[in-house]
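*Asks:* First the structure, which I've put down as structure tokens, then a few questions once you've had a look.
The values are calculated or read from the model by the stated rules, or taken from the named source; none is laboratory data. These numbers were taken from a predicted model, which means no experiment stands behind them. Glycine gets a Cβ as well: all are built from the backbone with ideal geometry, and neighbour counts include every protein chain shown. Please note that ligands, DNA and RNA were not included when accessible areas were found on the heavy atoms of the full protein model with its side chains. Shrake-Rupley method; radii C 1.70, N 1.55, O 1.52, S 1.80 Å.
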Amino acid sequence: VQLQASGGGSVQAGDSLRLSCAASGRSISSYDMGWFRHVPGKPREFVAAIKSTSSNEYYADSVKGRFTISRDNAKNTVYLQTNSLKPEDTAVYYCAVRLNWNVDYRNPRHYEYWGQGTLVTVSS
């Protein structure tokens, strides 16, 4: 599976961005998906995850109520709507595929395929 993340950019605090993660090479409709973010010098941080059927969504406390993860299996794409952005949301955002549904969705080690990342920069 190849993942292509896009939609990042430089915005002001309070703005919104919609990140997209387009998959190719294999359908992701049967797999759970996640978004993570990384700031140099810090561990990769869980942001959000969604079940293959969109039946459940999970969020880090730091983004709950501001970010929404969704997916369109027909388009083989996962989205992350980011609202009310804060400077501390500045990071490279990565999407990832988790093949095993029965593992901790917050652990990046449980994801097998990763996109290249898209940079989100939020200024105050």
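*Asks:* When the distances between all Cα atoms of the stretch 1-90 are binned every 10 Å from zero, what whole-number percent does each bin get?
*Replies:* Calculated over all Cα pairs of the stretch 1-90, the distribution is 16, 49, 29, 5 percent.
*Asks:* Still on this structure, please answer the following. Give, rounded to the nearest 20 debye, the magnitude of the charge dipole that the stretch 44-124 has about its Cα centre when Lys and Arg contribute +1 at Cβ and Asp and Glu contribute -1 at Cβ. Let's see the in-between values first.
*Replies:* Details: 10 positive and 8 negative charges, 23 e Å.
So the magnitude is around 120 debye.
*Asks:* Can you tell me the order of 78-91, 108-121 when each peptide is scored by its average per-residue count of other Cβ atoms within 10 angstrom, highest first?
*Replies:* By packing density, highest mean first, the sequence is 78-91, 108-121.
*Asks:* For the stretch 39-123, what relative contact order do you get, as a whole percent, if you take Cα pairs closer than 8 Å and at least 6 residues apart? If you can, show how the numbers build up before the last one.
*Replies:* Numbers: 110 pairs, mean separation 21.5, N = 85.
Reported relative contact order: 25 percent.
*Asks:* Separate question: Give the accessible surface of the chain per residue, rounded to a whole number of Å², with probe radius 1.4 Å and ligands, DNA and RNA excluded. Before the final figure, lay out each step's value.
*Replies:* Values: 6220 Å² over 124 residues.
I get 50 Å² per residue for the chain.
*Asks:* If you don't mind, another one. Among the lysines, which fall within straight-line cross-link reach of Lys75, defined as a Cα-Cα distance under 27 Å, with same-chain neighbours fewer than 8 residues apart omitted?
*Replies:* Lys51, Lys64
*Asks:* Something else about it: In a Debye calculation with equal point scatterers on the alpha-carbon sites of the stretch 41-124 and no solvent, what is log10 I(q)/I(0) at q = 0.26 Å⁻¹?
*Replies:* The computed values of log10 I(q)/I(0) come out as -1.67.
*Asks:* Also, I was wondering about something else. Net charge near Ser124: determine it from the other residues with C-beta under 14 Å of the C-beta of Ser124, scoring Lys and Arg +1 and Asp and Glu -1.
*Replies:* -2
*Asks:* Quick one: which residues, 5 or more positions from Arg26 or on another chain, have an amide H under 5 Å from its amide H? H modelled 1.01 Å from N in the peptide plane, none for Pro or chain starts.
*Replies:* Gln2
*Asks:* Net charge near Asn73, counting Lys/Arg +1 and Asp/Glu -1 over other residues with Cβ under 14 Å of its Cβ?
*Replies:* +2
*Asks:* Still on this model: Could you sort the peptides 1-10, 29-38 by per-residue average Cβ neighbour count (10 Å cutoff), highest mean leading?
*Replies:* So the order, starting with the most tightly packed, is 29-38, 1-10.
*Asks:* Can you give me the % of accessible surface on the chain that is carbon or sulfur? Probe 1.4 Å, all protein chains present, nothing else counted.
*Replies:* Here it works out to 46 percent.
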